[in-house]
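**Q** Starting off with a structure, shown below.
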């Protein structure tokens, strides 16, 4: 009997107990599906963040308070020591080689007339901000240096804010209430969409001075630095580090270039992939135990058949391969169904968040499910092969 | 006449520890010639099942030699015994032992699976044997669609398909009514006329006496 015939035989045996076989396969189906979907979601997250960051331009780097990444990660909350003075130091040190733009961040409630927008993100920055981060305006313009100086209250609003407060009416020239102070709208930013439930457009940008005065902030959340040329990124980072060291210690700030940010993110998503994939793999293991259980039942049920086959000339190895292939067929079919369902689900979820089905997760989960069939099929198959034909033929 | 089965000084002792042992066969000598139709009769516990298991190579004697078709088969390995059963012995059981949900023709072809014969050839051989037992119209019927007598005919066809040296029938009429029983016995007689060697194991006198030779066994001894 060749292996193709044994597979046909297994399919017949599997179809003889449809419901039972289906439920047994379900364990493997769920395992494979969850591996593929979870890996697709995490890979999607990774590629989404990557394109977002790459979209910012490769010249960009971020100065952040405290230590980020590396072996020494912050133990608890560290005091933020980054101030406007650091940004001024950077500017004077870097000169024409880079643009420097400090940023503070808060959230506030916005009001216009009887409409309000709670929990909007407030960015405070300087007029050169659009030189570092590309901003497309649908209306008006970004505030300039003279508008920002002296703490004048002007604001550029995001698409969601515009929609909430003004609907389709023009916003430029109107005054909105930001946490109790009136700001004049000078521009509206084009919609960027939302990322993982976070609305990027529920945002306003106001001048740094105004933000610091109104919210009483003297610390910066981030300083954006953009080198003039991509090949200068490394040199600018070194210069910036030495400029910041005038005031701060090594542990009080970090400068992340885009490359470093990307590698940190891929580290995080890598850990996430292993953790989530591992959890999903456990369900595959549980599915394997289900297969072993049903194969043991099957061996007991078919004791007479095994005895008969042996009497008619089946060698122990013939019986062993018959049951082993049956277990592998069960888990293999479960794996194939799981792959189909997993890819389908990934595309369905893809309608809401970015998902990327990776070929390696498909290959890995399929081979793992087949391996599960082999591992959990060995014991029942060995038990079947060992049966004594005399006893087996007499079995009721 | 050529002897096809030759048992010499066969003893079979089942022992569980030194104190508990049971002699199922006691110095059995038996020669069966090619083409014989022989019945082995004895009450339950007489040792006839043990003898049948030894003859069918499902078990091995404690001492003594068993020559089947001129070859000593007293101490074959498990794999050798399986292959010898496949080629030289045809089994017919009391409870038919057909695979459920499996067509008659596939049931008959089952032993050929283990002799590495191609599927087409297997089915052709099985069809021929089913015609031989008069079931050419039931090739694709499953056991639950057949009567008891028809099921036993399928089982007999299965025992013939490998063209074995001996056919071992263990109480083949035990589960059948008297009319069907005599039909099955007629089939065996017919096979005997064609030159097949048939060994019938039974506890019923009127079944045994239809064979050409009757051997009685009691307490593990041939009498």
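The values are calculated or read from the model by the stated rules, or taken from the named source; none is laboratory data. For clarity, every value in this text was computed on a predicted model and none was experimentally measured. A quick note on method: Cβ atoms are made from the backbone with ideal geometry, for glycine too, and the neighbour counts reach across all protein chains shown.
**Q** What is the number of the single condition among (1) touching a strand residue (DSSP E or B) at 6+ places or on another chain (Cβ under 7 Å); (2) at pLDDT 85 or above that residue A:33 does not meet?
**A** Every listed condition holds for residue A:33 apart from (1).
**Q** Turning to a different aspect of this structure: Kindly list the number of the only condition in (1) modelled with pLDDT of 90 or more; (2) away from chain B (no Cβ under 14 Å); (3) surrounded by fewer than 20 Cβ atoms within 10 Å (Cβ to Cβ) that fails for residue A:358.
**A** (1)
**Q** Failed condition for residue B:215, given (1) in a strand (DSSP E or B); (2) in contact with a helix residue (DSSP H, G or I) (Cβ under 7 Å, 6 or more places away or on another chain), with all others met?
**A** Condition not satisfied by residue B:215: (2).
**Q** Tell me yes or no: at least one residue of region A:344-353 is touching a strand residue (DSSP E or B) at 6+ places or on another chain (Cβ under 9 Å), surrounded by fewer than 17 Cβ atoms within 10 Å (Cβ to Cβ) and away from chain B (no Cβ under 14 Å).
**A** yes
**Q** Here's another thing I want to ask about it. Out of A:163, A:93, which single residue is over 18 Å from residue A:221 (Cα atoms), modelled with pLDDT of 85 or more and touching a helix residue (DSSP H, G or I) at 6+ places or on another chain (Cβ under 7 Å)?
**A** A:93
**Q** From the residues in region B:74-115 that are more than 14 Å from chain A (Cβ to nearest Cβ) and without any contact (Cβ under 8 Å) to a residue 40 or more places away in the chain, which one is surrounded by the fewest Cβ atoms within 10 Å (Cβ to Cβ)?
**A** Only one residue tops the list, namely B:75.
**Q** Could you tell me which of the residues A:149, A:177, A:168 is part of a loop (DSSP other than H, G, I, E, B) and surrounded by fewer than 17 Cβ atoms within 10 Å (Cβ to Cβ)?
**A** Just a single option satisfies the conditions, and that option is A:168.
**Q** Any idea which of (1) out of contact with any strand residue (DSSP E or B) (no Cβ under 9 Å at 6 or more places or on another chain); (2) more than 9 Å from chain A (Cβ to nearest Cβ); (3) on the phi < 0 side of the Ramachandran plot is the one residue B:134 doesn't satisfy?
**A** Of the numbered conditions (1) out of contact with any strand residue (DSSP E or B) (no Cβ under 9 Å at 6 or more places or on another chain); (2) more than 9 Å from chain A (Cβ to nearest Cβ); (3) on the phi < 0 side of the Ramachandran plot, the odd one out for residue B:134 is (3).
**Q** Within region B:143-163, how many residues turn out to be buried (at least 21 other Cβ atoms within 10 Å of the Cβ), within 14 Å of chain A (Cβ to nearest Cβ) and either more than 25 Å from residue B:42 (Cβ to Cβ) or in contact with a helix residue (DSSP H, G or I) (Cβ under 7 Å, 6 or more places away or on another chain) (or both)?
**A** Total meeting the criteria: 8.
**Q** I've got another one for you. With respect to residue A:222, is the statement that it is under 15 Å from residue A:122 (Cβ atoms), touching a strand residue (DSSP E or B) at 6+ places or on another chain (Cβ under 7 Å) and at pLDDT 85 or above true?
**A** Taking the combined requirement at face value, the residue satisfies it.
**Q** Is there any pair linking a residue in region A:251-279 that is modelled with pLDDT under 85 to one that is in a strand (DSSP E or B), with Cβ under 6 Å and at least six apart or on different chains, and which?
**A** A:258/A:60
**Q** Here is a further query. Which pairs turn up if I take residues in region A:307-319 that are at the interface with chain B (Cβ under 7 Å from one of its Cβ atoms) and farther than 10 Å from residue A:392 by Cβ and look for partners that are modelled with pLDDT under 95 and not in a helix (DSSP H, G or I) with beta carbon separation below 6 Å, at least 6 apart in sequence or on another chain?
**A** Cβ pairs passing all conditions: A:313/B:114; A:314/B:114.
**Q** Considering region B:45-73 alone, what residues qualify as being in a loop (DSSP other than H, G, I, E, B) and within 11 Å of chain A (Cβ to nearest Cβ)?
**A** Of everything in region B:45-73, those that are in a loop (DSSP other than H, G, I, E, B) and within 11 Å of chain A (Cβ to nearest Cβ) turn out to be B:56, B:57, B:58, B:59.
**Q** Give the residue, chosen from A:270, A:290, that is within 30 Å of residue A:331 (Cβ to Cβ) and crowded, with 18+ Cβ neighbours inside 10 Å.
**A** The conditions single out A:290.
**Q** Let me ask another. How many of the residues in region B:9-42 are modelled with pLDDT of 90 or more and outside any strand (DSSP E or B)?
**A** Going through region B:9-42 one residue at a time, the tally reaches 4.
Yes/no per residue for (1) farther than 18 Å from residue A:101 by Cβ; (2) touching a strand residue (DSSP E or B) at 6+ places or on another chain (Cβ under 8 Å):
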position: A:180; (1), (2): yes, no
position: A:192; (1), (2): yes, no
position: A:204; (1), (2): no, yes
position: A:228; (1), (2): no, yes
position: A:243; (1), (2): no, no
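**Q** Oh, and also: Quickly run through region B:17-61 and pick out the residues that are loosely packed, with under 14 Cβ neighbours inside 10 Å and either in contact with a helix residue (DSSP H, G or I) (Cβ under 8 Å, 6 or more places away or on another chain) or in contact (Cβ under 8 Å) with a residue 24 or more places away in the chain (or both).
**A** Listed by number, the residues that qualify are B:29, B:31, B:43, B:44.
**Q** Suppose we keep only residues that are part of a loop (DSSP other than H, G, I, E, B) and closer than 22 Å to residue A:67 by Cβ within region A:221-247. Which one would you say is nearest to the chain's Cα centre (by Cα)?
**A** Looking at the filtered set, the residue picked out is A:221.
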